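Read the figures in this text as sums done on the coordinates, not as results from a lab. Here the structure is a predicted model, which is why all the values come from computation and not from measurement. All Cβ positions, glycine included, derive from the backbone under ideal geometry; neighbour counts span all protein chains shown.
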Amino acid sequence: MTRARARALIVGVGGIGCPAALALARAGIGTIGLCDDDEVERANLHRQILFSDRDADERMPKVDAAARALRAIAPGLELRLHRGRLLPSNAIDLVRQYDVVLEGADNYATKFLAADACALARVRVVHASAVRWVATALAVGATARPCYRCLFEDVPVDAGPGCAQAGVMGPVVGVIAAVQADLALAMVDGVGGQAQLVTFDGRTNDLRRRTIGARAECALCGYPASIRRIEPQAYATRA
């Protein structure tokens with residue numbers, strides 16, 4: 001597949017999604033989808049690099065503000081705007097429209113939903129997250145083995161503080177977003193990427209990349225797998 005024909009979906013147009021989308025647009029990806037239900041806020045501008053003070057003042061939807069910035073950078077880019085959250089009711093149908101998904105949501109429910117939907121739809125996905133100084137990216141191939149649940153198992157009942165409560169360093173999300181985009185591009189180019197786990201510690205500038213294995217008893221990609229459909233209650237009841 002050529003990059004010009006490739007379709008990538010950004011789930012969460014925030015501190016990770018903004019620089020990841022910018023990297024994909026600069027790299028020549030032909031179609032980018034933007035999925036988010038939030039508005040631009042001034043407090044987030046230090047890490048959400050596609051947005052401006054004007055966007056924050058106007059409380060502009062993130063997908064619209066990001067689309068405006070990306071069009072200025074890559075006029076030939078096709079943009080698809082999904083103004084809303086990734087939900088159990090739309091997740092599989094949405095991810096099936098794309099060749100690769102870049103998930104940078106700020107809550108565990110959406111992360112696990114993206115993982116499950118991509119596995120069931122056989123769509124490649126790269127997860128990314130960051131809190132304080134530490135960030136992680138995980139690339140999962142179309143066979144979804146190994147997958148996100150091989151590492152994290154299930155939506156936690158007590159999710160703990162996210163970046164909104166614990167804080168996050170702007171350069172840290174920029175680094176992990178670049179890694180996320182790099183992994184996605186590797187899969188689009190057919191040169192690997194899947195089963196790669198990358199961690200970054202902004203205090204030491206330590207970037208580690210390793211290949212992970214599948215967990216035999218994984219509910220999503222194990223044998224036999226117990227997750228065969230999207231069950232809304234599996235995501236709605238946890239933080």
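Some points to look at:
- Ellipsoid semi-axes in whole angstrom, largest first, where each is sqrt(5λ) of the Cα gyration tensor of the range 1-95: 21, 17, 10
- Rounded to the nearest 20, the Cβ-based charge dipole of the chain about its Cα centre (Lys and Arg +1, Asp and Glu -1) stands at 600 debye.
- Considering only 21, 49, 121, and ranking their Cα positions along the charge dipole of the chain that arises from unit charges at the beta-carbon of Lys, Arg, Asp and Glu, the one farthest toward the positive end is 121.
- Spread over its residues, the convex hull of the C-alpha atoms of the chain is 114 Å³ per residue.
- Gap separating the Cα centres of the range 43-65 and the range 200-228, nearest whole Å: 33 Å
- Over the range 3-236, relative contact order from alpha-carbon pairs under 8 Å, at least 6 apart, %: 20 percent
- Burial ordering of 16, 49, 176, fewest other beta-carbon atoms within 10 Å first: 49, 176, 16
- Counted charge near residue 48, where neighbours are those whose Cβ lies closer than 13 Å (Asp, Glu -1; Lys, Arg +1): -4
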